[in-house]
1. Kindly list the number of the only condition in (1) surrounded by fewer than 23 Cβ atoms within 10 Å (Cβ to Cβ); (2) within 17 Å of residue A:251 (Cβ to Cβ) that fails for residue B:310.
2. Test residue B:91 against the stated conditions and say whether it is in contact with a helix residue (DSSP H, G or I) (Cβ under 6 Å, 6 or more places away or on another chain) and either surrounded by 21 or more Cβ atoms within 10 Å (Cβ to Cβ) or within 18 Å of residue B:59 (Cβ to Cβ) (or both).
3. Give me the residue from the stretch A:370-387 that is within 14 Å of another protein chain (Cβ to nearest Cβ) and part of a helix (DSSP H, G or I) and, out of that set, surrounded by the fewest Cβ atoms within 10 Å (Cβ to Cβ).
4. Consider residue B:210 against the criteria (1) more than 30 Å from residue B:350 (Cα to Cα); (2) surrounded by fewer than 21 Cβ atoms within 10 Å (Cβ to Cβ); (3) out of contact with any helix residue (DSSP H, G or I) (no Cβ under 9 Å at 6 or more places or on another chain): it satisfies all of them except one. Which criterion is unmet?
5. Just to be sure, is residue B:222 closer than 20 Å to residue A:251 by Cβ, buried (at least 21 other Cβ atoms within 10 Å of the Cβ) and touching a residue at least 12 places away in the same chain (Cβ under 8 Å)?
6. Does residue A:215 satisfy the condition of being modelled with pLDDT of 95 or more, at negative phi, surrounded by 20 or more Cβ atoms within 10 Å (Cβ to Cβ) and at the interface with chain B (Cβ under 10 Å from one of its Cβ atoms)?
7. Search the stretch A:192-207 for residues being more than 14 Å from every other protein chain (Cβ to nearest Cβ) and under 20 Å from the mean Cα position of the chain (by Cα), and hand back the single one that is farthest from residue A:348 (Cα to Cα).
8. Regarding residue A:134, is this residue closer than 19 Å to residue A:382 by Cβ, modelled with pLDDT of 95 or more and touching a helix residue (DSSP H, G or I) at 6+ places or on another chain (Cβ under 6 Å)?
């Protein structure tokens, strides 16, 4: 790759305009903006439509050719010296109900900033550069999440996506048409030469290590399970401990078990019990049932499967012991994704070349890049999230960090765009 | 006491009419009756008023003098040979929202059955006999529970009770007036010579031991605490285990701790976590807060206090370890009550004398008898609950058991009524 050459290419000194990037982030953040900060642009709502209109207008101002596909994914392309498969940047612009202005948006707007920087230079890359934003990445309105990129890479049928029904009862296809983003470009879409996504970390690791750039090696595999524990409702005062079949107690034992499992397995294993619902949930009644979720993640499929089977074994054991029954439903299961080693190396080398501190890390959250990794060489660049906070109106990343991340993206993309 | 005498008194052979008792239980159960069984007569609702009217009509049919006090407690008296303080029987007739037809009602209607049996005999007790039903025992609409008997014994001011506001926003005094039960008899009320209450066990012990009569030695002390655990909301995928401050995990550790504490202390210590509420309660978000309750009960005040202090110590330890804060509010705290040993002995002796199997036990639930125990010699008789189920429409006690319990009540009361 070009960063290994003796004579660095002339474009090596190009740098994006951090203030321009910041202005676009703020302007897009005002669409669906919430009083006191953050924004709400759930997928395919009117606010999402307005956000799309703004970004598409910017794409056209930059002279890009905009294509909208059958599930609403938008791809804009700047021609290269030759008509080859483009190097694609991108992410998403939909948000959760009370989201921040960086999650997703940064990857799309940094892509536009790369385009504007290149257009303003005398360098024309060999390959076209494209910037995409994929529909419904958050999955907060239409499940599953990463729906647009899932269809883009052919892992879900376009027709199936259009018939998906939202939490508010609306059909994806109808809502897409209502905001004017039912396009005609085919989906699955064109396979790019490579895909690189800049994203905020959404976690506390980079800030904790005072590191500027996260070199993302892959995406953790995810296992979401819902456990329903059925026991025997009983009076908290009159029922001796030995005669109880208490789902609340069993739920607690499981939550403690998964914490211990994560510590025993060590990083990068994480395990979370984020929901517990007892019924009838009264101070003086032993619960009749408990419904809880367990979120297990690991970068190693074998270890993740081991975590699942140890949990299953423990559930069997504790249910026998307490005399309750436990039924398990899988809510989501994704195998771990490894990003392309050359893209990963390039991100690291360019960050270091720009004098930035780096840290190799997996992504704990799902991203469109993991879908694109199914069809092309892919990678990601992370920048720090203040306090590790995301999916929250207080989500924040410093201008310095968004600028650094976009500059790494720029150089990685320009190198990839010179590949034959 | 008379059961120790050589020549048993003539009334020793009196027995109540089990079918008549059963019919009254069914008839009262139909007031506020629910489709499919059980009934709903929350305190001071229209249904409670109708239930009161029915019981008061029965009292008058039995020639009793009915008095209603300033918080709606109803006391009916049958004169004795002398105008002494009466021996009182009783309980409550209010129910929880989806309650059974035995809880409380049995104690009141068995009292009427005792009256009817005595009236139909040629025996007139030395002391008057009275039957009371106390307002708002359940506390399901107006907190605290046992409110009527609390005021009756002078532990709460009548004025304070009248100003209590219900879960539905209504004032106790207004609701009492609306159903026509704002009486003029003074409250605190007349102190009876003794108080005996027949009640269903509401637990599984008697059924489990195939025992007919529970000889109730006292009422467990109760400690209800609400713990609010505050941590740091975080992404379940991107936040390493070592950087978490997870209130959900801490709540689980506390629930497991209290179970282990109960097992370590041994019977009669019980400990229950009946409520856990996580916020935001999402599968992929480490909770920011957890609110949970801990219900601790023991018959020994010293041991109960030790349980509380061990819980406090554990909360301190686990909150330090996880980096969360825990605040505790006491929702209720009652010291254990010991019933009068002579009344307890009499219950046991008469049950055995009637050829019934017995078992000494504390009450795990609160009852009006524990309030009366503050001012007079008191005791209780328990009969088995099928499946240990109560506060539920499927609550059930066999006719044979209600009859046995009422016959023990009859003989204990007749003995007490001969005391000078």
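1. Checking residue B:310 against (1) surrounded by fewer than 23 Cβ atoms within 10 Å (Cβ to Cβ); (2) within 17 Å of residue A:251 (Cβ to Cβ), the one that fails is (2).
2. Yes; evaluated as a whole, the condition is true for this residue.
3. Step by step, filter the stretch A:370-387, then rank; the result is A:387.
4. Of (1) more than 30 Å from residue B:350 (Cα to Cα); (2) surrounded by fewer than 21 Cβ atoms within 10 Å (Cβ to Cβ); (3) out of contact with any helix residue (DSSP H, G or I) (no Cβ under 9 Å at 6 or more places or on another chain), only one is false for residue B:210: (1).
5. When the stated conditions are applied, residue B:222 does not pass them.
6. no
7. Result: A:192.
8. Against the criterion (closer than 19 Å to residue A:382 by Cβ, modelled with pLDDT of 95 or more and touching a helix residue (DSSP H, G or I) at 6+ places or on another chain (Cβ under 6 Å)), residue A:134 qualifies.
The values are calculated or read from the model by the stated rules, or taken from the named source; none is laboratory data. A quick note: this is a predicted structure, and the numbers were derived from the prediction, not measured. When we count neighbours, we look across all protein chains shown, and the Cβ atoms used for this are built from the backbone with ideal geometry, even at glycine.
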